[in-house]
1. Could you check, for region A:72-87, whether at least one of its residues is surrounded by fewer than 17 Cβ atoms within 10 Å (Cβ to Cβ) and touching a residue at least 24 places away in the same chain (Cβ under 8 Å)?
2. Got a sec? Which helices (runs of 4 or more DSSP H) wholly within region B:29-138 have at least 1 residues that are over 27 Å from residue A:70 (Cα atoms)?
3. Applying the selection to region A:72-88, what residues are over 21 Å from residue A:12 (Cα atoms) and touching a strand residue (DSSP E or B) at 6+ places or on another chain (Cβ under 7 Å)?
4. Please determine, by comparing only the residues of region A:59-71 that are surrounded by fewer than 21 Cβ atoms within 10 Å (Cβ to Cβ) and touching a strand residue (DSSP E or B) at 6+ places or on another chain (Cβ under 8 Å), which one is nearest to the other protein chains (Cβ to nearest Cβ).
5. Taking region A:1-44 as the search range and keeping residues that are within 14 Å of chain B (Cβ to nearest Cβ), in contact with a helix residue (DSSP H, G or I) (Cβ under 7 Å, 6 or more places away or on another chain) and more than 17 Å from residue A:96 (Cβ to Cβ), which one is surrounded by the fewest Cβ atoms within 10 Å (Cβ to Cβ)?
């Protein structure tokens with residue numbers, strides 16, 4: 001099982017404040033003989049939707065020395081986890097959680113925006129100090 | 001500039017044996033303010049195609065302790081490098097170079113195959129002992 005990201009608790013608390021129930025920490029899924037661990041699974045009951053909304057969240061702090069290296073890894077994890085979810089839990093929507101300051105600086109770059117858009121990567125932007133979710137981007 | 005993969009020389013020699021000319025080692029490209037280094041750029045003249053065929057190759061040994069971690073990173077690099085090439089050198093085709101034993105074992109898994117197919121990742125399979133290209137998969 002991989003080590004938890006340093007902002008794992010901040011994102012978890014942010015989701016709890018928005019009324020989400022954490023249903024797995026981490027979420028373990030298996031596709032064939034490949035084991036996958038995604039940081040969090042959460043669920044929220046919504047009026048008129050008895051099944052509730054289900055998400056999986058991969059949390060990134062982007063505190064690595066190289067932002068572009070961290071981005072390569074995050075994109076690969078997102079693509080692979082989404083494929084794995086598609087095969088075993090197709091209704092669960094995957095989010096990549098990133099800190100607000102990284103969203104406003106590094107993620108404003110043209111290449112990064114193109115990759116996010118063209119690969120339909122859903123972002124959850126969090127404030128790691130206040131421990132709140134700032135923005136959901138689908 | 002990132003460190004060279006341990007099988008960098010094997011893939012380079014394999015390409016030379018097939019008549020490719022190495023035109024950059026590494027290939028540096030810049031998109032906005034993001035710098036990208038791809039392991040190799042090569043070119044081959046083909047009859048009836050004066051412009052020649054141009055490729056870029058990202059070389060992976062998959063000797064990391066975790067194959068799935070190495071795969072996450074490789075997929076992210078491929079997606080991001082392809083986007084960068086699309087913006088600055090759209091005719092250059094990107095290949096992910098992987099060792100033959102990894103192709104025949106790890107890459108035979110269902111999840112890995114699905115990711116490769118659904119994301120249109122081109123593979124170049126090499127024999128790191130003989131230093132030859134075994135297979136091109138588009």
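Please treat every number below as a calculation from the coordinates, not as lab data. All figures in this text were calculated on a predicted structure; none of them were measured in a lab. Please note: Cβ atoms are built from the backbone with ideal geometry, for glycine as well, and neighbour counts cover all protein chains shown.
1. Taking every residue of region A:72-87 in turn, at least one turns out to be surrounded by fewer than 17 Cβ atoms within 10 Å (Cβ to Cβ) and touching a residue at least 24 places away in the same chain (Cβ under 8 Å).
2. B:100-104
3. Within region A:72-88, A:84, A:87, A:88 meet the criteria.
4. Among residues in region A:59-71 that are surrounded by fewer than 21 Cβ atoms within 10 Å (Cβ to Cβ) and touching a strand residue (DSSP E or B) at 6+ places or on another chain (Cβ under 8 Å), the one nearest to the other protein chains (Cβ to nearest Cβ) is A:68.
5. A:32
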